[in-house]
Amino acid sequence: MISSIRVVSLVPSVTETLLTWGIEPIACTRFCEQPGIEDVGGTKDPDLVGIEALAPDLVVFDREENRLEDYQELVSHNLKVESLHVTSVSDVGTELGRLASIVGAQWSYSLDAPRKSRGLRAFVPIWRRPWMTVTAGTYGVSLLNHLGVDVVFSENEDLYPTLDDEALVTAEPDIVLAPSEPYPFGKRHLDMLEAIAPTLLVDGQDLFWWGSRTVDAVQRLDRQLEAFEEKGL
């Protein structure tokens, strides 16, 4: 352990990053996938009374993951709460650098330059029945843009718009990039997805979790895309 700070993390990406830094949170959300750490509810419905009872030195939020009213409630009880705001790969260095300074961790962040366009227009489903996707202003789209992939519907004013089948037909994507979360797309969905476009199943955590995994996640997704392109769409 490099720090004795008592941290509650309400952000899966932060929980993973803290553990990478050698700091084990005293509690985290059930979505952090850390069964050995105390569970204080979900990202949208944390157990605020339970968090206060733990008397943490720091509670970490993210503006995209967590609710403002929960942040305000904890602050009103004189808890130190730090809210991060990561919506693109360019935010990772600044926001995680700030957190590292607060918790006393040593961390550096260096990402390869963005790739030139691959000439691929991707549909990225995050839910089905109804279809939902991600748009500009989200970390996942930023990461794919960094890898030279354009994302259809990215100009929609909603961050997570709902789509109908007609919209998908009209969009004519070159590829479907189907992540394993938040909806667990897998091999059983391939026939359905490939009716839209050739499909690549990707790790949802690599696509949507930022922080200590970002650099390696970008490289893994890049290799997947390269292998897929070599086989031919």
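The values are calculated or read from the model by the stated rules, or taken from the named source; none is laboratory data. Because the structure is a prediction, the values reported are computed rather than measured. Here Cβ is always computed from backbone atoms with ideal geometry, including for glycine, and neighbour counts include all displayed protein chains.
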Name the single residue, out of those in segment 33-73 being touching a strand residue (DSSP E or B) at 6+ places or on another chain (Cβ under 6 Å) and β-branched (Val, Ile, Thr), that is nearest to Val92 (Cα to Cα).
Val60
Within segment 4-59, count every residue that is without any contact (Cβ under 8 Å) to a residue 60 or more places away in the chain, in a loop (DSSP other than H, G, I, E, B), over 14 Å from Val81 (Cβ atoms) and of a type in the set (A, V, I, L, M).
2
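Matching residues to (1) surrounded by fewer than 18 Cβ atoms within 10 Å (Cβ to Cβ); (2) touching a Phe, Trp or Tyr at 6+ places or on another chain (Cβ under 6 Å); (3) not acidic (Asp, Glu); (4) not assigned by TED's automatic domain parsing to the domain that holds Asp206:
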site	(1), (2), (3), (4)
Tyr109	yes, no, yes, yes
Thr138	no, no, yes, no
Val141	no, no, yes, no
Gly148	yes, no, yes, no
Asn156	yes, no, yes, no
Tyr160	yes, no, yes, no
Out of all the residues in segment 60-99, which are among the aliphatic types (A, V, I, L, M), without any contact (Cβ under 8 Å) to a residue 40 or more places away in the chain, more than 19 Å from Ala27 (Cβ to Cβ) and in contact with a Leu (Cβ under 8 Å, 6 or more places away or on another chain)?
none
Based on what the data block shows, is Asp174 without any contact (Cβ under 8 Å) to a residue 40 or more places away in the chain, outside the structural domain of Glu65 (by TED's automatic domain parsing) and at negative phi?
no
Which listed residue, of Leu68, Leu74, is at pLDDT 95 or above and loosely packed, with under 14 Cβ neighbours inside 10 Å
Leu68
Segment 100-115 residues that are part of a helix (DSSP H, G or I), paired with ones that are surrounded by fewer than 12 Cβ atoms within 10 Å (Cβ to Cβ) (beta carbon under 8 Å, 6 or more apart)
Ala100/Gln106
